[in-house]
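Read through the structure below, which is laid out as structure tokens, and then see the notes.
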Amino acid sequence: MSEFTIKDKVAIAGLGETTYYKRGAAPVSEFRLALEAIQRAADDAGLPVTAIDGIASYANDRNDSIRVATALGLPELRFTNMFWGGGGGGGSGAIGNAAAAIVAGFATCVVVYRALAQGQFGRFGATPAMRAISGPIAYTWPYGMSTPAQWIALRTRRFMHDHHVSQDPLAAIAMACYHHAQSNPRAIMYGRPLSRAAYDESRWIVEPFHLYDCCLENDGAAAVIVTSANALRGIEPHLAGSRLLKLPLFAVGQRTADAARLAGFDRVISADGDAAGLRDSVLASARAKELKKASTLLYLAGADLARDLAGELGERGFNVVTHTTYRMIPVSNLPRDACDAFAANRIEAVLHYSRRSARAFLEATRAAGVEISALAVPQCCISDAVASVVREAGAPQVMVAQSPDENALFETLDRALRP
């Protein structure tokens, strides 16, 4: 993988939106819309808004970053950036800039926002009257090319000609957008589906674009919070006063519970086991009326799940939102020292914490040619499910912890090492 990648190093932690209004119908100022969207994004991320130390936007948003930071009471603004150009890919570009700032260490929590109130400032994308014109627009505006639809029309028409593309794909894109709007009550076109006949009968804006090929310039604002993918460590300094700390936290084991208490959570319930124990712990709290059965649960989990905990709780009436906070990547090769130690019988036991890590261990020892030596020593497993992996591989000495937690696994190791 390229050393320049930012893949898996940042995450979108929160999303905030205001109500969307028809063009010119927003009842409040553009600045207020921006602030509301940012506050909602911070709330969605479970962060105090003061955790934000970077601001990014696009398409020449009028809400100056210094003014926004002052209004929000940000204690420190370490990064601010504007993505050049208009809409389309501008939003993604601004998020990319925010991600780059975090990876580079310029900021730890960047908000990306865009707000629009056309009743306050005039229609977005409209061509203003000008007494004189200069620069690049002098070559386009006087000739009827002053809006994005007009600029893109020439390129699109040439592409359609060169590649024998009909109007059908354009119609399909427009209809797909309106189709998805029917699932979003906040969408301006919610309840107003688009048919192919209505698309074909709509007026031309500039060929090959009909009315429905062009986006709606609605009033409103949206914001996303971008932060480090090391979620818990990244937000721990900002958890003071957060509403998340007031919620009950269910931990799969004692180590996770201790880390949660250290982060400031005071209602920590440890399942002292595995995912099944975590499920049972949640259900027990519901039976004891400590947790409402209709509650929404945030499930922080890894990318590879051995058990569908969200599905099991969902079947029992809970609304579970799963958020992936980490991903385990198995090593393909054992260190040379470890291979030499297995071959020389210097390793006395192996600890297995999960089925996935056990399989990775078997593959690595097999690739190194030390599988027989590695399986000859006691294999200490945290559960029967993990033990089945090494048993099937032919391990003669498999020991299982009395309960699926690390303390019990260490006790199993002690038994294995006794003379």
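Peptide packing: for 141-149, 59-67, the average count of neighbouring Cβ atoms within 10 Å per residue gives the ranking 59-67, 141-149, highest mean first.
Under 5 Å between amide hydrogens, built in the peptide plane, is the criterion, and for residue 210 it picks out 205 among residues at least 5 positions away or on other chains. Using C-alpha pairs below 8 Å separated by at least 6 residues, the relative contact order for segment 336-417 is 29 percent.
Ordered by packing density, taken as the mean number of other Cβ atoms within 10 Å over each peptide's residues, highest first, how do 210-223, 401-414, 104-117 rank? Don't skip to the end; give the middle numbers.
Values: 210-223: 19.9, 401-414: 17.0, 104-117: 22.7.
Put in order of decreasing packing, that is 104-117, 210-223, 401-414.
Counting only aspartates and glutamates at least 8 places from residue 7 when in the same chain, those with an alpha carbon closer than 20 Å to its own are 304. Annotation: amide H-H contacts under 5 Å for residue 269 (H modelled 1.01 Å from N, sequence separation of 5 or more, or interchain): 249, 250, 251. Amide hydrogen proximity for residue 59: with H placed 1.01 Å from N in the peptide plane, the residues at 5 or more positions away or on another chain lying under 5 Å are 83, 85.
Give the relative contact order (percent, whole number) for the chain; include only Cα pairs under 8 Å separated by 6+ residues. Let's see the in-between values first.
Details: 678 pairs, mean separation 60.2, N = 419.
Computed over the chain, the figure is 14 percent.
The antiparallel fraction among DSSP beta bridges confined to the chain stands at about 45%.
Of the residues 296, 127, the one with the fewest other Cβ atoms within 10 Å heads the list, and the complete ranking is 296, 127. Descending by average beta-carbon neighbour count within 10 Å, the peptides 376-383, 348-355 line up as 376-383, 348-355, the highest first. Membrane-span-like helices in the chain, defined here as complete DSSP H runs extending at least 27 Å along the helix axis by their C-alpha atoms with mean Kyte-Doolittle hydropathy no lower than 1.6, are absent; this is a sequence and geometry rule, not a statement about a membrane.
With the convex hull of the Cα atoms taken as the outline of the chain, the averaged projected area works out to 29.0 nm². Straight Cα distances below 24 angstrom link residue 22 to none of the lysines, with same-chain residues fewer than 8 positions distant left out. Under 16 Å of direct C-alpha separation, and excluding same-chain neighbours fewer than eight residues apart, residue 292 reaches these lysines: 246.
Taking every eigenvalue of the Cα gyration tensor of segment 143-213, multiplying by 5 and rooting it, what semi-axes result, largest first, whole Å?
Values: eigenvalues 120, 42, 22 Å².
Gyration-tensor ellipsoid for segment 143-213: 24, 14, 11 Å.
Every read-out reported here was derived from the displayed coordinates using simple, explicitly stated rules and does not represent laboratory data. None of these values were measured; they are calculated from a predicted model. Cβ coordinates were reconstructed from backbone atoms using ideal geometry, including for glycine residues, and neighbour counts include every protein chain displayed.
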